[in-house]
Each structure stands twice: as C-alpha cells, then as structure tokens.
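First up is the structure itself, then whatever we jot down about it.
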Amino acid sequence: MHKLLLVILLILIWLFLLFLFHNLKMYFYKFLTGSIGIFTISMFFFLPYLETNLNMLITGTLDVIGKITGYFSVLNNYSLITIDTKQGIVAMFINYECSGIIEILVFTSLALFFPFGGKIRRIISLVSGNIALYLANVIRVIFIIFITKGLGASSFYLAHTLFARILFFIFTVIIYYYVFTSTHLKYQKVGEINE
C-alpha cells in the first residue's frame, strides 16, 4: 500500500511539474520532465505488456519471412528463431533486448513532448517513427540471421553483438534526424533542408 501511495505521489509531482513548466513557458524543462517521466512510467507499468505484444509482432513478421525464404524457422509461442547452419543449429530468443522495446519507448517519450508544431504533425511523426523503428529492428534481426546462415554458427556472436547493433544504431540516427532534427530546423526558420 505504501508503494502505491508513493507511486501516485510521484506521478502527481510529475504532472505538477509539467503544468508548472508549461505555464512558465519553460519548454525545454517541460520536454525533459515529460520525456523522462513518461519513459519511467512506461517502463514500470507497461513494459511487460508492450514487450509481449511486440515480441509476438516481430516473431509473426519473421515467421512469414522465414517461410518465404526458407532460411530459418520461427517458433511463435516461444519467440524463438532457429537457424540451420553448416556448423550446427543456432537458436535466437527474441527478448526485450532484441525486440527494440526500449528504443521504441525512448522514441515515443521524446516524440510525445517534442515541439513539432501541431498535433497532426506529432501524431504522424509518432506513428511513422515507431513503424520505422519496428522495421529497423526486423531488418536488424534478419541481418543477424543471414550473417549466421551464410558464415556459420561461429559468426552469431559477432553478428548479434557488434554488426547488427551498429546497423540498428545507423537506422535509429536516420529516424531521429528525420523526425526531430529536420523538423526542428524547419520550425526554427533557419532555412530549407533538401530531403
């Protein structure tokens, strides 16, 4: 009971700070407080639900791709991907690290409080950015699978921990640029950006 009261008190303080920063026109602090707060709330209250559904969505997508290509098999109920290589079978479990849920929550938290200019623009950016992050994550997992299938089981660790993370990081930077940086530059009237 004490934990619940503490959580409610912290959420009320967070809402008060948002209201205060908004009324004082301290938009950077509103953005910072709002983004960190909504991310923390999402991690505590919604992470298991979001992770489970995102894992199902990713494994469902990969199952379709696996059936089309024949390169790997997916066990949807277990979020498990098996890759038959020359050196043996490699099993890859899709968990919170591979689902991209943390990256999606960070993006969503930032997008909810970033000053885009209008509600329609915010909604479009939020939806398109999350879809792009989801697709980038699917591409990352497929990249791991194809590297492992092509180079053998011994390449899995390097493909997963290094090369796929670099690839996903590049996709994330591109998505953040188009959603946040180019939008911010347009609304600051510093000139046109040719996209």
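The values are calculated or read from the model by the stated rules, or taken from the named source; none is laboratory data. The structure displayed is predicted, hence computed values, not measured ones. Neighbour counts are summed over all protein chains in view; Cβ atoms, including those assigned to glycine, are modelled from backbone coordinates with ideal geometry.
Among the residues of region 84-94, is there at least one that is in a helix (DSSP H, G or I), surrounded by fewer than 16 Cβ atoms within 10 Å (Cβ to Cβ) and not charged (D, E, K, R)?
Checked against the condition, which is being in a helix (DSSP H, G or I), surrounded by fewer than 16 Cβ atoms within 10 Å (Cβ to Cβ) and not charged (D, E, K, R), region 84-94 yields no hits at all.
Please give the number of the condition residue 131 fails out of (1) over 30 Å from residue 89 (Cα atoms); (2) at pLDDT below 95.
Residue 131 satisfies all of (1) over 30 Å from residue 89 (Cα atoms); (2) at pLDDT below 95 except (2).
Any idea which of 49, 71 is part of a helix (DSSP H, G or I) and either hydroxyl-bearing (Ser, Thr, Tyr) or closer than 25 Å to residue 150 by Cβ (or both)?
Just one listed residue meets the conditions, 49.
On the basis of being hydrophobic (A, V, I, L, M, F, W, C), part of a helix (DSSP H, G or I) and farther than 27 Å from residue 115 by Cβ, does residue 4 make the cut? Explain how you work it out, then say what you get.
Details: hydrophobic (A, V, I, L, M, F, W, C): yes; part of a helix (DSSP H, G or I): yes; farther than 27 Å from residue 115 by Cβ: yes.
The answer is yes for residue 4.
If I go through region 95-119 residue by residue, how many of them are assigned to a helix (DSSP H, G or I), out of contact with any Phe, Trp or Tyr (no Cβ under 9 Å at 6 or more places or on another chain) and within 17 Å of residue 47 (Cβ to Cβ)?
6
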